[in-house]
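Participant: The following block contains the structure, expressed as structure tokens.
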Amino acid sequence: MLFLSEDGFKRLLNGLVSSRNVIAPVEANGYFDFKTIKHAGEAFLDYSNTRLPPKRFFLPQREIVFKHDPKTGVLHEPALGSEAVLLGVRPCDASALSVLDNILLKPPNPDPLYESRRRSITVISLSCAKPREECFCNVFETGPVRGSGEDITLTRITGGLLVEVRSGRGQILIDGFASLFEEAGAQHLEEYEELSRRLTKEMSSRIEIARERLVRLEETLDEKFFQNEAQKCVECSLCSFACPVCYCFDTEDYLEKNVYVRAKGWDTCASPVFTRMASGLDPRPSKVDRFCHRFCHKLSRIPMAFNAYGCVGCGRCVSLCPAGVDIREVLKRWG
Amino acid sequence: MGLNPYAPKPVRIIRIKDETPDTKTFTLSPNLFESFAPGQFAMLTVYGVGEAPFSICSSPFDKDRLQFSIRRMGSVTSAIHEASEGEEIGVRGPYGRGWPVKEMEGRSILLVGGGIGLAPLRSLILHLLENKNNYGEIAVCYGARSPSLLMYRDEFEEWIRRGVDLHLTVDVGEGDWKGNVGVVTTILDKPKLNRADTVVCTCGPPVMIRFVLKKLVELGYSKENIYASLESKMRCGVGKCGHCHFGGKHVCLDGPVFKYSEMLELPRGISPF
């Protein structure tokens, strides 16, 4: 663990902005959102969380998969990720990246677009000081202090920040600014431990779930409860699009300037046409089944396959759902 | 970047054959697949229109061409039907888990098809006939809604000549049809096979598969030896897009061929039960 003074942090930020493409939370229209910043002062690091997760920097809402020129037969590969530093990601959102790594980088067909962005973007997380009311990262141990997909974890403590290097990519970045860091002292580590204990305890008093029961979700499914919850859903898909883990996509083919293009873009299993085939057959035709699938996939199927949950407790779906569907109620039902 | 798994490679349609009033068989060349197993599928692209999964219906021993029988249904299949010989389309694959040809060795085999569901079974029939000495008796029960909707009619004689015990049925007879009339379950008792040791592979509409599975068990076929090829919407074919994900299984990776016991574990809707 390293210690970075307040002054050192300012110098690190200035150094990063002047030498790299830095993406950080900024305030706009009453929300926080990740944007590329030109000056260190633009970064707003005293935020609770951004309205949308930084997922789009790795999985853009829409991206070109290939272009095919029918005249020359040349296949144009899509643009790869460019080097950047993503600063101030909350631990829950950073953990979502490690869940996505499990799924999207899985051999034998890793997603090359995601992979290239994951390789070229250095993720620096910033521990939460004040989890929001709708946060429940404690349930999945994806925060509030330390996540699992970041390259560097920063935690604010008295007089500066505690710095934990989490990957080789993180180490390379730190090495470039080595003079700014010093070894963390015992009092720094003590404060970090104390903060971690206090926040986890605070959050556990709101919600605590016996996670091992979640993987049995489908066996113990309470149809009546799910039917009632699913009735509320208006199928707007906001929960999926705001989710840092949801990764499903649809594709679109078109002709542009005499070149054939395929784009891929976010899709959601909450959509009524998600599984409907051209013949009209639909293996998942009911809203209740779609609703169950979404939760069972996140809370039961992903953990069975990867030893990680498909939810990181960021709380965005809870605060954004216009119908009041609350995944915490689903969790409590089985926890 | 590694190979882009989402990008199809262009091939030419070298032959289009009218199979039934709504289905055509397309022969594509060259065959870019080093090898494939019967029952596997490929993603076909009509450039500028879209992409969809289709079972390969040609012989795995045909190294020069790939064949697909395609029923006109939605935008991609309609666009393929509009295509002419010589046109270019995109192909990628082969994907998925095909029929259990290893487990079938040394045993008798029953194939049950409905409508265009014979397509992935044709690839298997051609594989079996090529390796006839490795397998026991081969019986096929095949049904369609009407005689004109029977696929591969011009190949039946050749299959029979090479030793296939073929039983046909139609839901509704027409013209000079003198064969069986009734759904495919009404002819499942015709092949005389050692049912306890016969491997059964079936493909067809979900409702057909449901009743075929039930009937097979009633007739004494072992659940351990029954397989079906299931159908799902897909956007990627490689387990990333989420569209064919049901109860922890991806039809594109874990299927499209599933064992009887695996189908019992699938959620309602995709499960034939």
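Participant: For region B:38-88: of the residues being hydroxyl-bearing (Ser, Thr, Tyr) and in contact with a Ser or Thr (Cβ under 8 Å, 6 or more places away or on another chain), which is farthest from the other protein chains (Cβ to nearest Cβ)?
Facilitator: It comes out as B:59.
Participant: When the residues of region B:186-212 are narrowed to those that are surrounded by fewer than 22 Cβ atoms within 10 Å (Cβ to Cβ) and within 20 Å of the chain's Cα centre (by Cα), which ends up farthest from the other protein chains (Cβ to nearest Cβ)?
Facilitator: Only one residue tops the list, namely B:187.
Participant: Something else: Could you check, for region B:218-231, whether at least one of its residues is in contact with a His (Cβ under 7 Å, 6 or more places away or on another chain), surrounded by fewer than 21 Cβ atoms within 10 Å (Cβ to Cβ), away from chain A (no Cβ under 14 Å) and under 25 Å from residue B:169 (Cα atoms)?
Facilitator: So far as region B:218-231 goes, no, none of its residues is in contact with a His (Cβ under 7 Å, 6 or more places away or on another chain), surrounded by fewer than 21 Cβ atoms within 10 Å (Cβ to Cβ), away from chain A (no Cβ under 14 Å) and under 25 Å from residue B:169 (Cα atoms).
Participant: Please enumerate the residues belonging to region A:257-271 that are at the interface with chain B (Cβ under 9 Å from one of its Cβ atoms) and free of Cβ contacts under 8 Å to residues at least 60 places away in the same chain.
Facilitator: A:267, A:268, A:269
Participant: Another question, if that's okay. Could you please find all residues in region B:5-34 being more than 13 Å from every other protein chain (Cβ to nearest Cβ), part of a strand (DSSP E or B), farther than 17 Å from residue B:155 by Cα and not small (Gly, Ala, Ser)?
Facilitator: B:13, B:14, B:28, listed by residue number.
Participant: Please determine, by comparing only the residues of region A:272-306 that are among the polar types (S, T, N, Q) and either closer than 23 Å to residue B:205 by Cβ or under 17 Å from the mean Cα position of the chain (by Cα) (or both), which one is farthest from the other protein chains (Cβ to nearest Cβ).
Facilitator: Out of the qualifying residues, it is A:286.
Per-residue answers, yes or no, for (1) under 28 Å from residue B:7 (Cβ atoms); (2) at pLDDT 95 or above:
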| position | (1), (2) |
| --- | --- |
| A:220 | no, no |
| A:227 | no, no |
| A:237 | yes, no |
| A:243 | yes, yes |
| A:254 | yes, yes |
| A:258 | yes, no |
| A:272 | no, no |
| A:291 | no, no |
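Participant: Do any strands (runs of 3 or more DSSP E) entirely within region A:1-52 hold 2 or more residues that are among the aliphatic types (A, V, I, L, M), buried (at least 16 other Cβ atoms within 10 Å of the Cβ) and out of contact with any Asp or Glu (no Cβ under 6 Å at 6 or more places or on another chain), and if so, which?
Facilitator: Ranges flagged: A:2-5, A:22-28.
Participant: Further, regarding this structure: Being of a type outside the set (A, V, I, L, M, F, W, C) and crowded, with 21+ Cβ neighbours inside 10 Å narrows it down to one residue among A:150, A:183, A:134; which is it?
Facilitator: That would be A:150, the only listed residue that is of a type outside the set (A, V, I, L, M, F, W, C) and crowded, with 21+ Cβ neighbours inside 10 Å.
The values are calculated or read from the model by the stated rules, or taken from the named source; none is laboratory data. All of these numbers come straight from a predicted model, not from anything done at the bench. Cβ atoms come from the backbone with ideal geometry, glycine included; neighbour counts cover every protein chain shown.
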